[in-house]
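Structure, as structure tokens:
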Amino acid sequence: MSTAILTGPPVADSTLEDDLRLLGFDVVAADSPAELAGHLKAAPAGTRVAVVDRRFTGHRHALRLALIDPRFAAGAIPGALGVSAAVRGQLCLAADGLAAPDELAAALDTAGVPVHRPELGVLTAAVPTDDAERARVRGAVAAVDEEQVRLRTAVKARDGFFTTFCVSPYSRYLARWCARRGLTPNQVTTASLLVALIAAGCAATGTRIGFIAAGVLLLASFFLDCTDGQLARYSLQYSTLGAWLDATFDRAKEYAYYAGLALGAARAGDDVWALALGAMVLQTCRHVVDFSFNEAAHFEDGATANTSPTAALSDRLDSVGWTVWVRRMIVLPIGERWALIAVLTAATTPRVVFYALLVGCSLAACYTTAGRVLRSITRKARRTDRAAHALADLADSGPLAELAARVLPSFAAPAVAVAGGAAAIGTALFTPYGTWWPVLGAGVYCLTSAAAVTGRLKGALDWLVPPVFRATEYVVVLALAARSGVSGALPAAFGLIAAVAYHHYDTVYRIRGGTGAPPRALVHATGGHEGRLLVATVAAALLAHSTALTTALAALAGYLALVVLTESIHFWVSAGAPAVHDETGEPT
């Protein structure tokens, strides 16, 4: 159990000890710096420790935000300080002769320990020094409905239109219901996954009743998906495992549902696997564009705001309220996208669902990518080494590219990447199937992709390099499987791209968490994007029009899934990775 140490003079009629116990603390008192130091050393290993002034007057949720949020090693509000086990040693050093929480927080700041100070908004946290001031502060506490504040702040400040107005007003109450019954966000996340998988199973039946049930269950899964994050914010139950589940399950649910729709259509005699695979490719590439652009947004001038004319226009549009929601809906975020999928599944056919997805996501991709290109070319700042390193990690270059990069000169990275991608995609799509032209195109791609990452990716448009690599690899596999005419080739290709896409999502969330990309040994074991592309084209040339191609693609998918998932699960569960939860908005 965590320990809360009370310091300072006692206060009559204070509910502080009860509040701390309700937050899960074992409460002890220290009347001198020496006693405080003794309690700090005696606290159970591996637990959080809080130092709170007995005169503290404020909302319990203010204490919760400062003392128990697991995302931060140290947190403070007026009159209260909480630290994790990782920085308790620094607190013991800071406590030499000090006992007041505010003084201890300042000492930690001086020692270089980052102390998180949460935004309290209308919540109150104060250390009154006399009865009159204490009465005034207690009046301020009583004037605010703390529970309504918790419910309101459980919802993301920025979200899509459908989520904001059709889901969150209700899902936050389910989050509170779950919190009061001891359910965890991870349990809700898992329930959301199970519901989505059942929805995919219903879609796979190929019946109208099955499609209607699938649509309803998909919306229920999204409702639970919103609830898990709100539960985490409501009760501050953030965790490393939760971060991994949150980062991967959304994609697993959506892509499993695509597979369910394709299976259901096949039962009715309509082969839409190419459309399903195309939708997955497009959606994954959209995400890579988002991630790559955001990771590149670190500049040597230290500025975080974009001062380009395009950004200025965007800011002016934000001042016109209705345009904000229109622009958020145009990009077809997860809420709008899943609502569209659910309604069309229930009312139409899988083919119509995929046509709508491909058209809508293509328009959204053009809108967002064009805007980001304009912002990039009109901004003069130069990217930091950190941004360049992140882009190199997102490129996922394997051993072939590494060898070629040793002898190739550096060129304009985006142009070279696009040229190589065009060669690989063009030969896969337009040369006679079963020939070695796609292999030649893949060889050219290996060289150009190596040349693209030979230099530091600090150019204005260098953030486009990882998305170009992703699009090339995915589209070539799709083209080869679709043109083969072999039974089962497209479903096998679907599994292959799903395994590779998981690896790329996993890389993104590790970088966002500050732990860096997966180890180079894993990248080498997966071949890198250029190695996998070369293997796929050679397999298509050797096994053209043979069912052995399906076996080869399925075997490659199984190998990649086994290697990537084994390393990823070990990392997220046992490697002490930080909890990375999306608090700024939902992925598109």
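Here each label is just a point 7 Å from Cα along the line to Cβ, and for Leu565 and Thr47 those points are 3.8 nm apart.
What are the aspartates and glutamates whose alpha-carbon lies under 17 Å from the alpha-carbon of Lys41, with same-chain residues fewer than 8 places away excluded? Cross-link targets: Asp26, Asp31, Asp96. Counting only protein heavy atoms and using a 1.4 Å probe, the accessible area of Met1 comes to about 140 Å².
Accessible surface of the chain, 1.4 Å probe: 65 percent of it comes from carbon and sulfur atoms. Solvent-accessible area per residue in region 364-520 equals 38 Å², computed with a 1.4 angstrom probe and all protein chains kept. The 1.4 Å probe gives accessible areas that order Leu565, Leu464, largest first, as Leu565, Leu464. Applying the Karplus relation 6.51 cos²θ - 1.76 cosθ + 1.60 with θ = phi - 60° to region 205-211 yields 3J(HN,Hα) values of 5, x, 9, 5, 4, x, 5 Hz, where x marks Gly and Pro. Extension gain, Glu35-Thr129: 0.36 nm per intervening residue step, less the Cα-Cα distance, totals 31.6 nm. For the pair Asp270 and Val359, a Förster radius of 25 Å applied to the C-beta separation gives a FRET efficiency near 0.85, rounded to the nearest 0.05. Fully extending the segment from Ala548 to Glu402, taken as 0.36 nm per residue of separation minus the present Cα-Cα distance, adds 49.5 nm. Sorting Val453, Val113 by accessible area puts them as Val453, Val113; the probe is 1.4 Å, largest comes first, and only protein heavy atoms count.
Could you please state, rounded to a whole Å, how far the C-alpha centre of region 429-485 is from the C-alpha centre of region 227-294? Each part reduced to its Cα centre gives a spacing of 24 Å. The Rg/Rh ratio of the chain, with both radii computed over alpha carbons and Rh defined as the Kirkwood radius, is 1.02. Among the protein heavy atoms, those of Ile330 account for about 70 Å² of accessible surface (1.4 Å probe, every chain in place).
Residue ranking by accessible heavy-atom surface, 1.4 Å probe, largest first, among Thr369, Thr323 comes out as Thr369, Thr323. Under a 5 Å amide H cut-off, with hydrogens placed 1.01 Å from N, Arg382 pairs with Glu300, Asp301 among residues at least 5 apart or on other chains.
For the peptides 25-36, 51-62, 549-560, residues were scored by their other Cβ atoms within 10 Å and the scores averaged per peptide; the highest-first order is 51-62, 549-560, 25-36. Over the residues of the chain, the helix contribution to mean residue ellipticity at 222 nm works out to -21500 deg cm²/dmol, using -39500 (n - 2.57) for each DSSP H run of at least 4.
The values are calculated or read from the model by the stated rules, or taken from the named source; none is laboratory data. These numbers were taken from a predicted model, which means no experiment stands behind them. With ideal geometry, Cβ positions are generated from the backbone for all residues, glycine too; neighbour counts draw on all protein chains shown. Ligands, DNA and RNA are stripped out before the accessible areas are found, and what is left, the full protein with its side chains, is counted by its heavy atoms. Shrake-Rupley method; radii C 1.70, N 1.55, O 1.52, S 1.80 Å.
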